Amino acid sequence: MEVKGSPICLPSKGYQVEAQESPAVVGFVPVQDLLNLARVNALWPLTFGIACCAIEMMAAGVARFDWDRFGIIPRGTPRQADVMVVAGTIPHKLVSTIKTLYDQMPAPKYVIAMGNCAISGGPFSYDGQYAIVNGADKIIPVDVYIPGCPPRPEALLQGFIKIQTKYTKGIIDANRRAEKAARRAKK
Amino acid sequence: MLTAGQKKLLVELKSSLAEAVPEGQISESDYAKKGYHLEVRLDKGGLRRVAQTMLDKRFMLETVTAVDFIDSFELVYLYATYYHQYCRVLTRIRIAKDAQPYSVSAIYPAAIWLEREVYDFFGIRFQEHPDLKRIINPDDADYFPLLKNFGKTKFTDQIDDILC
Amino acid sequence: MLNIKTIDDATINQRVYQLNLGPQHPSTHGVMHLLLTLDGEVVVKIEPIIGYSHRGHEKMAENRIYEQYLPNPARMDYLSGMIFNHGYCMAVEKLCGIEVPRRAEYIRVITSELNRIASHFIGTMDYAMGLGAITPFLWGWDDRENILDLLEMISGSRLTYSYGRFGGVRNDITKEFYDGTRKFIDRLRSRFWDYENLINQNVIFIKRSKEVGVISKEDALAFGVTGPTLRGSGVKYDVRKNEPYSAYPEFKFEIPTRKEGDCLARYQVRMAELEQSVNIIEQALDHLPPGPVRAKVPRFVTPPEGDCYVTFESARGAAGFYIVSDGTRVPYRIKVRAPSFSNLFVLTKICPGHFLADIVAIFGSIDVTVPEIDR
Amino acid sequence: MNITQLPYIKDIYGFLGSDVMSGLVGLLIIAALVPLNVAALVLVERKVAGHIQLRPGPMEVGPHGILQTLIDAVKLLGKEMVTPGLTDKPLYWLSPIIVVAPAFVGFIPLPFSPLVQIKDVNVGFLLIFSFSSIGVISILMGGWASNNKYSLIGAVRSVAQNVAYEIPLLLSVMPIVMMTNTFKLGEIAQAQSGLWFIFYQPIAAIIFFIATTAETNRAPFDLVEGESELVSGFHTEYTGMRFSLFFLAEYTNMVIAAALFTTFFLGGWYGPVLPGAVWFFAKTYFLLFVVMWMRWTYPRIRFDQLMNFAWKVLIPIALVNLFITAIVLKVL
């Protein structure tokens, strides 16, 4: 599939978005790259911590590991958030809340699954478990997984950097690969 | 190594509990090994009478919990005090699986939530409880998790030697 | 504070609307859902809805042997993880009658008090952030990072510790930890002056906290409130002093209490407890006895049949483990007495009549951890 | 008095020197100055907040994080404009536009320096105060239209707060008007060549400063978008560029408030060595730093305390101050 720079308001991988999208400037690559660059250098996470990983997320925002250096301001409302950091175990009672929050976030939105519980249920997943969902990717599409229980704040910052590279260099590499494949197919 | 104050309190407690709950066996237990001074074992009822005497003696209701012994439940009420000498009283009552004990929430408001949690995990319905509904599990859950025949426990399959 | 009793029910039902201080809200310290029934901005009824971070700790206990359950206590109340971890070890030791060497008891006291300071920093500074002052939150966490470095030095993790073992602790404390704690104590004592100026004498902070959310002694007794929330109402109950366990009888420290019982009193009790914990650590470091750090204990502990209840002072109140064992390696039932569970329920009694902004203040001043309530 | 009124200007520039053209050029300058000013202010606020909280603030974007706010603006441009269902569409769309308009108008009468002033409107600061009350209407519209209980509470609070603090604001400026018996900001600034008015009217200065902080929903009075209670107040449901328009309006109002304080009390453009405009901007930006400094040290006032403070404390003091000034002026 020929990836020509994702359109401005890319809903994450086919998850239908609540409202219609604004007109997109598609294809004019330099503007698209600038927007991608701007979009990842001002990632505003949603203050949504569930359990122990939330404390490490807050520790990432504090003086020592300060995430404000990367232009990250935690926002209370999903309407103004770009990144949803799922930090902690996801019990069944919380599933509908997470889905609603994810839908309320405007497009280009990303999800970080922080901690083993958000990746695969972590220390609480065994076959007799009745209370939790084994991993955030069973509910919403996840972009970056950060292992650890709880992961250190530096690991969370590296998760944010992983998103930054994925949505700038990652797209450029994808374009290059697509062009090379197209050229090889023509030969 | 009970202090003098505790001995006096225990004697007082035994007498007031004896006349409040004549049919209950009141026995003193070793605090070092068990963690509580007095154990009141009831079988028919009398939870509210014990609770009332405890409140008069300015005790606090620490926890209400249940233990599922396959054929019957055992309700455990723990009272502790901090006003005079510290002392802890454990009230134990064996009830049948479908019994409906009386709730002590009229005496101790803390019991409203504690009994709701016991109902939520064991399915024991308390009579005269202000609003007995699930507190922790999702409201539409149809299972009572802490029962021994639910999920993976010693009685559902052989798990005595898990070493992994 | 508006007196709700004067408005009769008929008029209230028309003007009332429900507001969800929902599972996701900047100041609910996790996923706590407070269903408020508001008349304008005055709260008529409040119903905390919990269970949004329930992970089934007690069910897990029934299919794990005692040693496998060690990581769980720290994940219940992760702000005082070390205290819960040592509490669980104490419960099993009491059940099996294991004798813990004095040096291990001292190390347990030092690490628990360090963890209590770290937890009180979060409790007080989250309360200040609930009132809108964000800078103290960051200052408090800055100090907390030093403690986390110390505890990470010996236990390897920052938040969810599995440092205790049945019969003592995993490994001895190192020279770095010893000097690091000394340095930390001096630095912390100099920092109290900063907090004194930034918040304790801040006029707006005092006006927002005085006479807000008063808990009377009778309510505290009826609702089973314990910990700094109870000591704010003038009751001198601290498990470390009233029911001495571990090595606490050997240290001299007093229990700070206040009489008013409002948010300011609870805040001041927590700040005063910081100093007490620092004194305890200092005394423990001065008289640290030599000797082994773990008693001789079989690899898998098999406690005799029977039950036992052990209580200990976590940063939020009198927590406890009620273990019923049937003589095998797997516990029959473990019930955790969560202090936040009863502390939270007091809200339903004291909140009606306050403003919306006060609810956030009262909820912050009670300082609960959500996974500890939901277990 | 501005540059176009100088006698020789007209014959040099002829058509360009006329009032209409100077007004147009002035508006163009404002249109350029305001967004840049806001971008700088947001960056300065995050840096000041960082350093107060022992952390460096934005560092990655551009040298020392200079371009951070521009990148934020570009990102907000690229965000999806979510219009939540059940919202009152026309009001929802109109509210961010109306909130920005008065913010721009406020720059016209400001006397940056003797020669640099767009139009020395003879109603002077009344123009600014009346337009700033339009901003409140738009906040109410935004809060009501976004069909969210938090934003409704925030909007209703903002109306009550602005009404309560409009009165002490005007009462604290009246003594200045009595002393200089003119509304024109240019002349007020000129009258302060000798001693600055802050020494004549210290109480009025304090009341003015408190009232403007409350008027712009800043620092201890930011109940309108108190994060910890109302998630984020009236702009909870706004995304992307609409949210940044609210942000733009808030910071521009802050700049106008600080500029007014310098004109009334700190002697406008008077300063020993440097040219007028530099002094004006230096004083304004220092005041803005004080406002930011207050924001990151003080908690938030509760709503009823806010109202009591305005009606029971500020207004009486302002009236007494006005009364004393009248007597003193009569006697002298």
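Does any residue of the stretch C:114-124 turn out to be within 14 Å of chain D (Cβ to nearest Cβ), crowded, with 24+ Cβ neighbours inside 10 Å and in contact (Cβ under 8 Å) with a residue 24 or more places away in the chain? Yes.
Note on the stretch A:36-88: residues that are without any contact (Cβ under 8 Å) to a residue 40 or more places away in the chain and either hydroxyl-bearing (Ser, Thr, Tyr) or closer than 28 Å to D:Arg242 by Cβ (or both) total 17.
The set of residues in the stretch C:231-259 that are in a loop (DSSP other than H, G, I, E, B), of a type in the set (Lys, Arg) and within 24 Å of C:Ser209 (Cα to Cα) comprises C:Lys236, C:Arg258, C:Lys259. Among helices (runs of 4 or more DSSP H) entirely within the stretch C:170-227, having at least 3 residues that are within 11 Å of another protein chain (Cβ to nearest Cβ) singles out C:203-209, C:217-223. When you look at C:Ala265, is it more than 12 Å from every other protein chain (Cβ to nearest Cβ), under 17 Å from the mean Cα position of the chain (by Cα) and not polar (S, T, N, Q), yes or no? It is true that C:Ala265 is more than 12 Å from every other protein chain (Cβ to nearest Cβ), under 17 Å from the mean Cα position of the chain (by Cα) and not polar (S, T, N, Q).
Any residue that is in a loop (DSSP other than H, G, I, E, B), out of contact with any Ser or Thr (no Cβ under 8 Å at 6 or more places or on another chain) and away from chain A (no Cβ under 12 Å) - is there at least one of those in the stretch B:134-147? No, every residue in the stretch B:134-147 fails to be in a loop (DSSP other than H, G, I, E, B), out of contact with any Ser or Thr (no Cβ under 8 Å at 6 or more places or on another chain) and away from chain A (no Cβ under 12 Å). Among the residues of the stretch C:62-99, what is the count of those that are more than 10 Å from chain B (Cβ to nearest Cβ), buried (at least 24 other Cβ atoms within 10 Å of the Cβ) and of a type in the set (A, V, I, L, M)? Of the residues in that region, 6 qualify. Scanning the stretch B:1-54 for residues that are touching a His at 6+ places or on another chain (Cβ under 8 Å) and aliphatic (A, V, I, L, M), which turns out surrounded by the most Cβ atoms within 10 Å (Cβ to Cβ)? Ranking the candidates gives B:Leu9 first.
With respect to A:Thr165, is the statement that it is without any contact (Cβ under 8 Å) to a residue 12 or more places away in the chain and crowded, with 17+ Cβ neighbours inside 10 Å true?
Numbers: without any contact (Cβ under 8 Å) to a residue 12 or more places away in the chain: yes; crowded, with 17+ Cβ neighbours inside 10 Å: no.
Spelling it out, it is not the case that A:Thr165 is without any contact (Cβ under 8 Å) to a residue 12 or more places away in the chain and crowded, with 17+ Cβ neighbours inside 10 Å.
For the stretch B:25-44, a residue qualifies if it is touching a strand residue (DSSP E or B) at 6+ places or on another chain (Cβ under 9 Å), of a type outside the set (Ser, Thr, Tyr) and assigned to a helix (DSSP H, G or I), and the qualifying residues are B:Lys33, B:Lys34. Residue check: is C:Met129 within 14 Å of chain D (Cβ to nearest Cβ) and either out of contact with any Gly (no Cβ under 8 Å at 6 or more places or on another chain) or in a helix (DSSP H, G or I) (or both)? So C:Met129 fits the description; yes. Only one entry in C:Gly168, C:Gly164, C:Gly132, C:Gly227 is at pLDDT below 90 and surrounded by 22 or more Cβ atoms within 10 Å (Cβ to Cβ), namely C:Gly132. Determine, yes or no, whether D:Val163 is without any contact (Cβ under 8 Å) to a residue 60 or more places away in the chain and either outside any loop (DSSP other than H, G, I, E, B) or not assigned by TED's automatic domain parsing to the domain that holds D:Leu110 (or both). In short, yes.
Taking the residues in the stretch D:93-131 that are small (Gly, Ala, Ser), in a helix (DSSP H, G or I) and crowded, with 24+ Cβ neighbours inside 10 Å as candidates, determine which candidate is nearest to the chain's Cα centre (by Cα). I'd like the intermediate steps shown before the answer.
Filtering the stretch D:93-131 for residues small (Gly, Ala, Ser) gives D:95, D:101, D:103, D:106, D:113, D:124, D:130.
Narrowing the set further to residues that are in a helix (DSSP H, G or I) leaves D:95, D:101, D:103, D:130.
Imposing the further condition that a residue be crowded, with 24+ Cβ neighbours inside 10 Å reduces the set to D:95, D:103.
Details: D:Ser95: 18, D:Ala103: 7 Å.
Looking at residues that are small (Gly, Ala, Ser), in a helix (DSSP H, G or I) and crowded, with 24+ Cβ neighbours inside 10 Å, I get D:Ala103.
Please go through the stretch D:50-87 and pick out each residue that is more than 7 Å from chain A (Cβ to nearest Cβ) and either buried (at least 22 other Cβ atoms within 10 Å of the Cβ) or part of a helix (DSSP H, G or I) (or both). Walk me through it before giving the result.
Our first condition is that a residue be more than 7 Å from chain A (Cβ to nearest Cβ); within the stretch D:50-87, this holds for D:51-52, D:62-67, D:69-70, D:73, D:76-77, D:84-87.
Across the stretch D:50-87, the qualifying residues are D:His51, D:Ile52, D:Pro63, D:His64, D:Gly65, D:Thr69, D:Leu70, D:Ala73, D:Leu76, D:Leu77.
In the stretch D:204-212 there is no residue that is among the aromatic types (Phe, Trp, Tyr), in contact with an Asp or Glu (Cβ under 7 Å, 6 or more places away or on another chain) and either buried (at least 24 other Cβ atoms within 10 Å of the Cβ) or closer than 12 Å to D:Phe265 by Cβ (or both).
How do the strands (runs of 3 or more DSSP E) wholly within the stretch B:45-118 filter down when requiring 3 or more residues that are within 12 Å of chain C (Cβ to nearest Cβ), under 11 Å from the mean Cα position of the chain (by Cα) and among the hydrophobic types (A, V, I, L, M, F, W, C): which remain?
Details: elements: B:60-69, B:72-81, B:87-96.
Answer list for the stretch B:45-118: B:60-69, B:72-81.
Does D:Ala249 satisfy the criteria of being of a type in the set (Gly, Ala, Ser), farther than 14 Å from D:Leu41 by Cα and in contact (Cβ under 8 Å) with a residue 60 or more places away in the chain? No, not satisfied.
Table: residues versus (1) polar (S, T, N, Q); (2) touching a Ser or Thr at 6+ places or on another chain (Cβ under 9 Å).
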| residue | (1), (2) |
| --- | --- |
| B:Ala4 | no, no |
| B:Ser16 | yes, yes |
| B:Ala32 | no, no |
| B:Lys44 | no, no |
| B:Gln52 | yes, no |
| B:Met60 | no, yes |
| B:Val64 | no, no |
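Tell me which residues, restricted to the stretch C:44-55, are facing another protein chain (nearest Cβ under 7 Å) and either in a strand (DSSP E or B) or free of Cβ contacts under 8 Å to residues at least 60 places away in the same chain (or both). Let's see the steps before the verdict.
Restricting attention to the stretch C:44-55, the residues satisfying the condition of being facing another protein chain (nearest Cβ under 7 Å) are C:50-55.
Hits for the stretch C:44-55: nothing passes.
Condition test on C:Glu41, is it in contact with a Ser or Thr (Cβ under 8 Å, 6 or more places away or on another chain), surrounded by fewer than 24 Cβ atoms within 10 Å (Cβ to Cβ) and either basic (Lys, Arg) or under 19 Å from C:Gly364 (Cβ atoms) (or both)? Considered against the rule, which asks whether it is in contact with a Ser or Thr (Cβ under 8 Å, 6 or more places away or on another chain), surrounded by fewer than 24 Cβ atoms within 10 Å (Cβ to Cβ) and either basic (Lys, Arg) or under 19 Å from C:Gly364 (Cβ atoms) (or both), C:Glu41 comes out as no.
Which one is nearest to A:Arg39 (Cα to Cα) among residues in the stretch A:66-89 that are of a type in the set (Gly, Ala, Ser) and facing another protein chain (nearest Cβ under 8 Å)? Give the steps one after another, and end with the answer.
Taking the stretch A:66-89 as the starting set, the residues that turn out to be of a type in the set (Gly, Ala, Ser) are A:71, A:76, A:81, A:87-88.
Now drop any that are not facing another protein chain (nearest Cβ under 8 Å), which leaves A:71, A:76, A:88.
Values: A:Gly71: 10, A:Gly76: 19, A:Gly88: 26 Å.
Per the stated criteria, the residue is A:Gly71.
Return the only residue of D:Thr239, D:Thr213 being farther than 19 Å from D:Gly271 by Cβ, modelled with pLDDT under 90, among the hydroxyl-bearing types (Ser, Thr, Tyr) and in contact with a helix residue (DSSP H, G or I) (Cβ under 7 Å, 6 or more places away or on another chain).
D:Thr239
Working only within the stretch B:119-137, note down all residues that are more than 16 Å from the chain's Cα centre (by Cα) and more than 24 Å from B:Asp56 (Cα to Cα). Scanning the stretch B:119-137 gives B:Asp131, B:Leu132, B:Lys133, B:Arg134, B:Ile135, B:Ile136, B:Asn137. Residues that are under 16 Å from the mean Cα position of the chain (by Cα), more than 10 Å from chain C (Cβ to nearest Cβ) and either free of Cβ contacts under 8 Å to residues at least 24 places away in the same chain or under 17 Å from B:Ile124 (Cα atoms) (or both): does the stretch B:1-19 have at least one? Scanning the stretch B:1-19 turns up no residue that is under 16 Å from the mean Cα position of the chain (by Cα), more than 10 Å from chain C (Cβ to nearest Cβ) and either free of Cβ contacts under 8 Å to residues at least 24 places away in the same chain or under 17 Å from B:Ile124 (Cα atoms) (or both).
Applying the set (1) touching a residue at least 12 places away in the same chain (Cβ under 8 Å); (2) crowded, with 20+ Cβ neighbours inside 10 Å to A:Val95 leaves exactly one unmet item: (2).
The values are calculated or read from the model by the stated rules, or taken from the named source; none is laboratory data. The shown structure was predicted, so the numbers you read here are calculated from the model rather than taken from an experiment. Positions of Cβ are backbone-derived with ideal geometry, glycine not excepted, and every protein chain shown enters the neighbour counts.
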